[in-house]
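In what follows, a single structure is set out as structure tokens and then discussed.
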Amino acid sequence: MVRKSSLKAQERDNLLAEAVIGIKSGLYKSSYAAAKALGLRTYTVQTRLNGGQTRKEARQKQQLLTKNQEQTLLKWIKELTTSGYAPSHQILREVADEVRSNKCRVFQPQLQHLQQLQTQQLQPQIPKLPLGQDWVPRFIQRHPNLRVKLGRRVEAQRMNRVTKEVLKGWFNAYKSLTTELKIETHNTYNIDETRFSIGTM
């Protein structure tokens, strides 16, 4: 479970972002006015306005995965979820460990191959501490769009309705349609509502 202090810090960061936007848009005349309206300290608002880091940004160096490793994990979750299989917390933790130990290729779209090699050599060494029980909830907290994705699996009703008779009927209808329209096998593709999925049929 995510600590209450983490949630409070996130709320504070959101209020500070709101204060900065409000000052820049003219909603608040000064840091003092924004701080008073949102229940924040004037010094904190002024620091953030002058480019101070959020708590999340300041703690990036302490995180157990690098930014690119987290992006790799996010990409994997997205791919898995679009195919209808959202990973459990346990599987997510295991894959995160694989990514950390460099057993997986890290997603780095902004770098060319040579730059990747140089960056890997220059990257600060993150200590290989074990991922704790709270790591997955904190990871999800850092990426709020995952809250929906990790919970979404193929509905049980859809799975229960797949019977031998239903499948037989579908394939018979498919065969008669392809015969009637003279569709050859090499012109057949596997597509469903999630995406184009070549080679998985």
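Nothing in this text is a laboratory measurement; each read-out follows from the coordinates by a stated rule. Keep in mind that what you see is a predicted model, and the values were worked out from it rather than measured. For neighbour counting, all protein chains shown are included, and Cβ atoms are generated from backbone atoms with ideal geometry for every residue, glycine included.
Order 11-17, 181-187 from most to least packed using the mean count of other Cβ atoms within 10 Å.
11-17, 181-187
Of LYS8/LYS36; LYS8/LYS78; LYS36/LYS78; LYS24/LYS75; LYS8/LYS67, which sit over 30 Å apart, Cα to Cα?
As for pairs spanning more than 30 Å Cα to Cα, those are LYS36/LYS78; LYS24/LYS75.
Would you mind calculating the gained length between LEU167 and ARG142 on full extension (0.36 nm times residue separation, minus the Cα-Cα distance), in nm to one decimal?
That works out to 4.8 nm of additional length.
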